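Trainee: First, the structure itself, so that you have it in front of you.
What follows draws every value from the coordinates through simple rules; no lab data is involved. Quick caveat, the model's predicted, so the values are computed rather than measured. When we count neighbours, we look across all protein chains shown, and the Cβ atoms used for this are built from the backbone with ideal geometry, even at glycine.
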Amino acid sequence: MKRSDLDWAHDLDRRLFLDAAWEKEDMKEAFLPGRRFIVGEAGRPEGWAAMDASGAFAHILSIDVEPSFQGRGLGSSLLSSLLSSAKDMGKKKCILEVSCDNEKAFGLYKKFGFKTRGRIEGYYPSSDAFVMEKDLEG
Ligand SMILES: CC(C)(COP(=O)(O)OP(=O)(O)OC[C@H]1O[C@@H](n2cnc3c(N)ncnc32)[C@H](O)[C@@H]1OP(=O)(O)O)[C@@H](O)C(=O)NCCC(=O)NCCS
């Protein structure tokens, strides 16, 4: 992700997540060490995803795909790319939080072998979150 992507990436996040969207200022985290923010393009940007790998584990922060482009494999490609990067960085585990209401994202993460490890009440403004984890070794 480049600085010039921040406006559309933030706009997409606001359209997808409303009151639970990233603050635009916080998206500058993309340029901190250990972060990997990537853009998925099909002629034009259609999605983005973010990971914080600055700590002991890789932490998926976000995956956003344009509503008109969902269901065509981009979410899988973005997640696959982040998981490869995490392995390349020597991370042994990947964690994430997902809204308990979000069947699509839960399905995506389950497909990639993430297991539910817990639930955080009130994590999002209007829902709880599942904490999911995937072993990156082996
Ligand atoms: C979740 C999201 C990133 C998935 O991206 P996508 O490009 O649509 O996903 P893909 O086409 O790669 O599908 C991957 C898997 O997701 C799951 N999935 C996708 N659409 C689904 C649906 N309507 N219902 C249930 N599971 C679904 C399936 O497991 C699917 O695998 P399959 O095609 O083999 O069945 C996308 O729907 C999105 O941007 N949603 C809004 C933002 C969001 O919730 N992000 C996740 C935050 S934690």
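Trainee: How much length would be gained if the chain were fully extended between Arg15 and Phe31, taking 0.36 nm per residue of separation minus their Cα-Cα distance, in nm to one decimal?
Mentor: Stretched fully, the Arg15-Phe31 segment lengthens by 3.5 nm.
Trainee: Under a point spin-label approximation (7 Å from Cα along Cα-to-Cβ), what is the Ala42-Gln70 distance to one decimal in nm?
Mentor: 1.4 nm
Trainee: Relative contact order for the stretch 44-138: what is it in percent, counting Cα pairs under 8 Å that are at least 6 residues apart?
Mentor: RCO, the stretch 44-138: 25 percent.
Trainee: Now a separate question. Would you check the chain for Lys pairs whose C-alpha atoms are within less than 13 Å, ignoring same-chain pairs closer than 8 in sequence, and give me the count?
Mentor: Here the count comes out as 9.
Trainee: Are there GluC sites (Glu not before Pro) in the stretch 39-138 that DSSP puts in a loop and that have at most 11 other Cβ atoms within 10 Å, and which ones?
Mentor: Answer in residue order: Glu137.
Trainee: Continuing with this model, one more query. At 0.36 nm per residue, minus the direct Cα-Cα distance, what do Lys24 and Lys92 gain on full extension? Give it in nm, one decimal, please.
Mentor: Net length gain for the segment: 21.5 nm.
Trainee: Could you state the principal axis extents of the C-alpha atoms in the chain, from the largest down, to the nearest angstrom?
Mentor: Here the spans come out as 35, 34, 30 Å, largest first.
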